[in-house]
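The values are calculated or read from the model by the stated rules, or taken from the named source; none is laboratory data. Worth saying up front: this structure is predicted, and the values here are computed from it rather than measured. All Cβ positions, glycine included, derive from the backbone under ideal geometry; neighbour counts span all protein chains shown. Only protein heavy atoms, including side chains, enter the accessible area calculation; ligands, DNA and RNA are left aside. Shrake-Rupley method; radii C 1.70, N 1.55, O 1.52, S 1.80 Å.
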Amino acid sequence: MTGSPALRGPSSRADAPPGPEDFRLGNEILAFRFVATLSERRGNPVERIPTPEHLRAWLTLNGLGGPDLPVSEALLRDARVLREAVHRAGTAVAADEAPDPADEALLNRWTARHRARLVLTGGRARWRLPETDPARAALAVVAVDAVATLGSGDGVVKRCEQSTCDGLFVDTSRGRRRRWCSMATCGNKVKKANLKAARTGTG
Ligand SMILES: [Zn+2]
């Protein structure tokens, strides 16, 4: 269902369903793309899943559901609680600290709900969700990705250096010199700011 044409309406149209342009999808790590559904965390935070429909759209765009995925306000609340636990735990790991045990316990409750199956279809891996409570099973996939990423123990989890972002990413670059969660958003923002500063002689 990823990239379903039904979800590609331009965000400028108020009646259009949420589409890729409403989210930050440039991060390679599923769990950190989820963290980025609250962006500009150190500036003016932008809530990119303001409604259950936005959460459904995000899950669908990330291969975890489709237009019929049942969503609710309660699910949205739980999703945001999960998201913030991933952010806090990831921020701790990036600082070489152990996450808060409460956040670890929350993540572990979610991974215990992991019931989605990874299947190979047409040469591509896809998640197949269970019929009962598929949306929570989809969020459990995000939690499993978070635990696998944060717990890898190889010191590659980093905080984005763009001053207003506070997103997370995994740095697998040679020499570990990557600085931004996504080149397309934060990397460009920093480059443009540097260019402007150089032109005006303030940098
Ligand atoms: Zn960033």
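Assorted remarks:
- No Cys partner within the rule (Cβ under 4.7 Å), the chain: Cys186
- The Stokes-Einstein estimate for the chain, based on a Kirkwood radius over Cα pairs and taken at 25 °C with 0.890 mPa s viscosity, is a diffusion coefficient of 137 µm²/s.
- Peptides ranked, highest mean first, by Cβ atoms within 10 Å: ranges 122-132, 36-46: 36-46, 122-132
- Taking every protein chain into account, the accessible area of the range 5-156 amounts to 50 square angstrom per residue (probe 1.4 Å).
- Straight-distance candidates among the aspartates and glutamates for linking to Lys191, with alpha-carbon spacing under 15 Å and chain neighbours fewer than 8 residues away dropped: Glu161.
- Angle between the chain longest axis and helix 73-94 axis [Cα atoms, degrees, rounded to 10]: 40
- A Förster radius of 45 Å combined with the Cβ-Cβ distance from Thr132 to Lys192 puts the calculated FRET efficiency at roughly 0.40.
- Accessible carbon and sulfur surface of the chain relative to its total accessible area, %, 1.4 Å: 52
- Relative to the longest principal axis of the Cα atoms of the chain, the long axis of helix 52-61 lies at roughly 80 degrees.
- Restricting the GluC sites (Glu not before Pro) of the range 49-108 to loop positions (DSSP other than H, G, I, E, B) with no more than 15 neighbouring Cβ atoms within 10 Å leaves Glu97.
- Sparse packing (at most 11 other Cβ atoms within 10 Å of the Cβ) combined with a DSSP loop state is found for the following trypsin sites (Lys or Arg not before Pro) in the range 144-203: Arg177.
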